[in-house]
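A short write-up of the structure that comes next.
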């Protein structure tokens, strides 16, 4: 019976994999979507489709992109759409600092230190926590921490797949959680900003808009990830009987420890400088008459993120010798930018799609009609958000990139939920929850093949089915825990982050 169940499960996974592999490149998808918007706008305009804004009473009609005016607009605004697309600048600026911190070795050594220094009885918790923290530079988590988790568990006489699973749960399953602002936050905030401007041209979405809920979620992910690993996954795996031999973990060198010490001192100095320029009413980063949340610090938080990674990264590199001259630091910045080539091409086509959608008024009309429909059937509040989690989780099974999914979904759901009275910060956060839940079980996740390769090192029979069956308990239990956390959060009326209330308009 078990073999039949596994066979059926494997066949189901084959279908998911074939469907996902049949999809074009995300950049191609956005190009096709942009073309589709052009065609639909012409058809909708021919039928004189329009909607009345429930808040202002203003009527909006579809604007065709196939008129002379529309064609001229598209031709003139290709460059503007690309350059003005918020996620582009936000991510590239952040990567200047993150690239140095990663290239100098600081992020990798911090992850190693966190895991290696933890007591054996807390090693599972340390692995999951390190996975969550690794979102600061997600590639380090996938490439370094996940295989390291397997090595650590094997060295402790535990099943290596359990260690791999614990690290994977923290890195990928907890993608909507973090103790700090990570590299994905500017991307999503920029997309949310663009989508929210369909309703409110003056709205501002800062990169920390989900931070309060993310921090609470990080604690939850660490606890749940630890319990699932030790109470469900590890007992199911049993004793490891493979041929792979345990190796002694590489301890931190004296140079690495000295580099960490000075990097830590520099972090304290950076944080102190920020506090001195933000908290006092006459601080350099305070705007006269405005609160801390509306200071230049929060308005330009992407600059703070760059500095937060850049300074410690430079200090660590200088102390350890990985940065011996200005040329080394610049090379690390260039290296981080070279990895962004695919993202830049993707953004070009995504920007055209998003701005075409906005110009045509299709996004606004869909939002108005969708909000009216949801209001008529009474699907609002917590039930609405839970349904949105399921939608996000389902779409994630077929499209791995969070930014690519949100670029498609945000122009529809953010304005729609705003018209129902929910702030874009909440909509973005709920999307991230759903997106995270199926990250560990979808073959469409960009690093999934790499995880399978790591697993095959310990048993050549391990494959996609093995990974998904091992990770499914994390997906289910995290889903239940996150749902309860979201319900409690909304019932208490807590903001999800700085300038991130639950409701729109705020108040």
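The values are calculated or read from the model by the stated rules, or taken from the named source; none is laboratory data. Values in this document were obtained by computation on a predicted structure and should not be read as measured data. Please note: Cβ atoms are built from the backbone with ideal geometry, for glycine as well, and neighbour counts cover all protein chains shown.
Worth pointing out:
- Of the helices (runs of 4 or more DSSP H) lying entirely inside region 415-507, those containing at least 1 residues that are modelled with pLDDT of 80 or more and in contact with a strand residue (DSSP E or B) (Cβ under 6 Å, 6 or more places away or on another chain) are 424-437.
Yes/no per residue for (1) surrounded by fewer than 17 Cβ atoms within 10 Å (Cβ to Cβ); (2) farther than 17 Å from residue 82 by Cα; (3) under 25 Å from the mean Cα position of the chain (by Cα):
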site: 317; (1), (2), (3): no, yes, no
site: 320; (1), (2), (3): no, yes, no
site: 325; (1), (2), (3): yes, yes, no
site: 341; (1), (2), (3): yes, no, yes
site: 345; (1), (2), (3): yes, no, yes
site: 352; (1), (2), (3): no, no, yes
site: 355; (1), (2), (3): no, no, yes
site: 364; (1), (2), (3): no, yes, no
site: 414; (1), (2), (3): no, yes, yes
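- Residue check, residue 409 in a helix (DSSP H, G or I) and touching a residue at least 40 places away in the same chain (Cβ under 8 Å): no
- Scanning region 15-40 for residues that are at pLDDT 75 or above and under 31 Å from the mean Cα position of the chain (by Cα) yields a total of 13.
- Checking residue 227 against (1) in contact with a helix residue (DSSP H, G or I) (Cβ under 6 Å, 6 or more places away or on another chain); (2) farther than 15 Å from residue 175 by Cα; (3) modelled with pLDDT of 90 or more, the condition it does not meet: (1)
For (1) in contact with a helix residue (DSSP H, G or I) (Cβ under 6 Å, 6 or more places away or on another chain); (2) part of a helix (DSSP H, G or I); (3) at pLDDT 90 or above, each residue gets a yes or a no:
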{"site": "246", "(1), (2), (3)": "yes, no, no"}
{"site": "261", "(1), (2), (3)": "no, yes, yes"}
{"site": "264", "(1), (2), (3)": "no, yes, yes"}
{"site": "267", "(1), (2), (3)": "yes, yes, yes"}
{"site": "281", "(1), (2), (3)": "no, no, no"}
{"site": "288", "(1), (2), (3)": "no, no, no"}
{"site": "298", "(1), (2), (3)": "no, yes, no"}
{"site": "311", "(1), (2), (3)": "yes, yes, yes"}
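- Entry remark, region 334-362: residues being over 20 Å from residue 201 (Cα atoms) and modelled with pLDDT of 85 or more number 3 in total.
- If you check 375, 329, 370 for being at pLDDT 75 or above, in contact with a helix residue (DSSP H, G or I) (Cβ under 9 Å, 6 or more places away or on another chain) and either assigned to a helix (DSSP H, G or I) or surrounded by 14 or more Cβ atoms within 10 Å (Cβ to Cβ) (or both), only one passes: 329.
- Residues being crowded, with 18+ Cβ neighbours inside 10 Å and farther than 19 Å from residue 329 by Cβ - total across region 92-125: 6
- The residues listed here are 188, 145, 156; of these, the one that is surrounded by 24 or more Cβ atoms within 10 Å (Cβ to Cβ) and over 22 Å from residue 485 (Cβ atoms) is 145.
- Residue match in region 280-297 (condition: in contact (Cβ under 8 Å) with a residue 40 or more places away in the chain, crowded, with 16+ Cβ neighbours inside 10 Å and closer than 28 Å to residue 209 by Cα): yes
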